[in-house]
1. Please give the helices (runs of 4 or more DSSP H) falling wholly within the stretch B:301-413 in which 3 or more residues are closer than 30 Å to A:Q37 by Cα and touching a helix residue (DSSP H, G or I) at 6+ places or on another chain (Cβ under 9 Å).
2. Quickly run through the stretch A:273-329 and pick out the residues that are within 20 Å of A:S219 (Cα to Cα) and aromatic (F, W, Y).
3. If A:K25 passes every condition in (1) among the basic types (K, R); (2) more than 13 Å from A:L392 (Cβ to Cβ); (3) without any contact (Cβ under 8 Å) to a residue 24 or more places away in the chain but one, which one does it miss?
4. Quick one: is B:K382 at pLDDT below 95, touching a Gly at 6+ places or on another chain (Cβ under 8 Å) and surrounded by fewer than 19 Cβ atoms within 10 Å (Cβ to Cβ)?
5. In the stretch A:202-216, is there at least one residue being closer than 21 Å to A:S71 by Cα and buried (at least 16 other Cβ atoms within 10 Å of the Cβ)?
6. Being more than 51 Å from the chain's Cα centre (by Cα), farther than 24 Å from A:S59 by Cβ and in a helix (DSSP H, G or I) is the filter here, so list the residues in the stretch B:115-149 that pass it.
7. Yes or no: A:I120 more than 26 Å from A:T331 (Cα to Cα) and part of a helix (DSSP H, G or I)?
8. Which one of the conditions (1) within 19 Å of the chain's Cα centre (by Cα); (2) under 24 Å from B:H260 (Cβ atoms) does B:G231 fail to meet, given that it meets all the rest?
Amino acid sequence: MRITDLTVFNDYLFNVGRNRSALQKIQTQIASQKKIQNPSDSPDGAGKVIRLNNQLKTSEGYSKNIDEGLSYMNVSITAMETMQTSTANVLTALANANNATVADNLQAFADQVDGALQAILNAANQKFNSKFLFAGTDYSTKPFGYNADGTAIEIKAGDVSGEQNVQIAKNIFQKINISGAEIFGTIVKETGNLDSNAAVGTIQTNQTSVYDAQGNEYSLIVNYTKTADNTYNLSYDIQDSSGSSVYSTPPSAHQLKFDSSNGSLDTIDGKPASSFIIEAPDNNIQFIFDPSKIKESSNPASLSFSANQKVDIFNTLLTIKNKLENGELPTDEEVARVDAFNQHILNKLSTAGNIMNKLQDTKEVLSNQQFVITGLISDEQDVDVAKAVLELQNQDNILQLSYKISSMVLPKSLLDYI
Amino acid sequence: MLSRIFNISTRSLDVYRKALDVTAHNISNAGNEDYTRQVADISTAFPDKMAGFIWGAGVKMDNIQRVRNQFIDNQLRESTQDNSFQNKKSILLGRVEQIFTEPSQFGLSELLTSFFNSWGELAVSPNSTALRENVIAKAQNISTRVETIHKNLETAKREVFDEFNSKIDTLNIELSKIHELNVKIAQQVEAGFQPNDLLDKRDAMIDKVTNLVDAQVSFDDNGSANISIGGVLAADIAQSVEFKVTAANGKLNLSTTGNHLLQQIKGGEMGALADVYTNNIPGYLDKLDTIINTVFNSVNDIHSTGYTIDEPPQTGIDFFSSYENGVLKINKEILDDPNKIAVSADGTSGNGDLALQISDINNQPLINGNTIIESYSSLITKAGNDKATADNLSTSTELVLQQLKQQRSSYSGVSLDEEMANVIKFQRSYDASAKLISVADEMIQTLLQMV
């Protein structure tokens, strides 16, 4: 091949140029510690890093939620333990009060019961991170307190039954609160179905017993009046043992709308179906009514009520305290109610414990996952410094060598010898 | 007969002086890339026939030849088109891929992830104003980033258009110069000259044109270069055509001043500009819009069913108010009052069920079976792949081009060693011819002295 001077020059420049650009790339990698500066450095790698980073950040978000849930649960459990201890104390006190030798000193027991009541009430109104622990999802209002004339304890917030859910993994949502309704409230739940074939104007009805703060029995009568297809008016009345209404002015009706395709309850008064409080303050009656499980179907109407507990602990303790102050012993039935609450709160404590365990297990899984993902991201985008430095050294040597050779070869021509 | 020696010697002196001139011309152009080495064609002069013998008449110079290989030239032109197309595309796409600033913590992917995470955090304490403000701030981050990416892509597109436009001016000038040179070369050839340096000049211009577009080059019998671009004759001996830019239906191309649209140009730098303008940038913008529209719709669909924490709670409020031309707007009511963020499913202020649903959008396969982030990451992979492919092709075509250039330079380039050897060769011949004259002179002197 005929080698001309420009051939030699161009060849030299081309190769040195390639050499320098390789050198520059390694230098940038070492300086920035990143293999991928731009997506084109490794298109698949860049996409992978983005997806992995998303996974990592999402997973870290879940961990944060779990931490929040764990501390919320921790505080809730402490408060519930206080309630349980106080209830147990009351039971001991009541057992002692039955002893005839102390019959004339019942005031001391009344004080003990009152102390326990205050402790339970305090625990029930405990706040964490500016949220009332047992106020469900309406946690900015203090949930429990005395009524206006101080004769009973009632729910002050609008709804203490709400569940606070957080996401702890893909597609897994976990409740991180024990609601006030679960512990203290009486929840009357209506289940069964309404007859969709009934003519407009038909009234389907059902009734059950409810109790006031002192444990007196009343009847709750609920009427569902069909007003249009899939639409019913829910009205209710509470009557005492003599059959007379305790409502001077019965509350206005709620409108229930059912889904025409699957028959489930769609809305109450245009809002998503949820439970609401029914109360007759003059008679110290207050409970949570939950119609959300009612369905509409073509079968004949069959409705049934169920309640989680008959009476709330606050008013039972208040009644017992008042009796003791008046030198009266509580009835066996009243003591049994306290005992029932003790069982109830123990059950709830184990529910809370289960939630804690689940959160902790998930946290463990997540932190393993994060560890693995961090490793994968590092594999994809971090520079192996030792390797890069060796390569840098190598490229540098090649560059130096080609400079040296060029200084020997380039200036030579026949001119030097003639 | 002595005059014969004089004749032969004088002719030879003349030929070798001319040959030295050619060598000098070569040497002085040794550093000129466009230069083609010239060779003095020397042959024996036509012999005399006398007294029964054929007498050699010495040397004569036939021609000054340009050493050029048409085959390498053709290959080189094609290879130049390919290389300048890929090289330009690689430069343009390099600029485009940087607009996304990925992968880094400033990229849209991180912002989208933290946006969805912020909803998950809000679900823990739905009535916290701080967390609500946080959601708004994350949404604003997305909105700013998307707007920047959009604006930068649009700017890049406009710059590509401007560059294409200015390349047309260069193209038009080169074409008209080629036409002028065609005329001049024809004149000289007609007058019996060999216009080597003009041919070099024209070749350099043709190289410039093929660097710009995928032009077809052919030479006719009288040595004129005919250039055609996109099915239209662009320059020959009779004329040169002026082109202008057309951008119709999102496509960038050339048309004649008479509005005749050319076949889509596909090679050279202008081909790359047209390709990036027509295909790459709009493709990225489309994908980005799909992703942001999905975010816009999926967040709004859930948000509008939720309740605010106002008294009384309101529903039917959208989180984003509009997404147009890359501007993602957050509902002004929410910007003014974070309590208007509606994540409560039932109207109680502590219910955050809808925040959970919005946060979970991040996990939903919403775009052709891919999640939002997966879809975005495939956009980045595509942008990266486009650039990496152009890079690879640019490198490989450059190697081919480099090799062809070496071949051309090996064939047509000036070698100083060779020229210096020629100098000595021609100088010696010149010396010897001069010596002959003095020998002939001595012979005449000798004769004269005899008289």
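The values are calculated or read from the model by the stated rules, or taken from the named source; none is laboratory data. Quantities reported herein were computed from a predicted structural model and do not represent experimental measurements. Cβ placement follows ideal geometry from the backbone for every residue including glycine, while neighbour counts extend to all protein chains displayed.
1. Details: elements: B:332-336, B:353-360, B:372-412.
The qualifying helices (runs of 4 or more DSSP H) are B:372-412.
2. A:F276, A:F287, A:F289, A:F305, listed by residue number.
3. Looking at each condition in turn, A:K25 falls short on (2).
4. Numbers: at pLDDT below 95: yes; touching a Gly at 6+ places or on another chain (Cβ under 8 Å): yes; surrounded by fewer than 19 Cβ atoms within 10 Å (Cβ to Cβ): yes.
Here the answer is yes, as B:K382 does meet what is asked.
5. Let us first name the residues in the stretch A:202-216 that are closer than 21 Å to A:S71 by Cα, namely none.
No; the residues of the stretch A:202-216 include none that is closer than 21 Å to A:S71 by Cα and buried (at least 16 other Cβ atoms within 10 Å of the Cβ).
6. Correct list: B:T129 only.
7. Working: more than 26 Å from A:T331 (Cα to Cα): no; part of a helix (DSSP H, G or I): yes.
Considered against the rule, which asks whether it is more than 26 Å from A:T331 (Cα to Cα) and part of a helix (DSSP H, G or I), A:I120 comes out as no.
8. For B:G231, the exception is condition (1).
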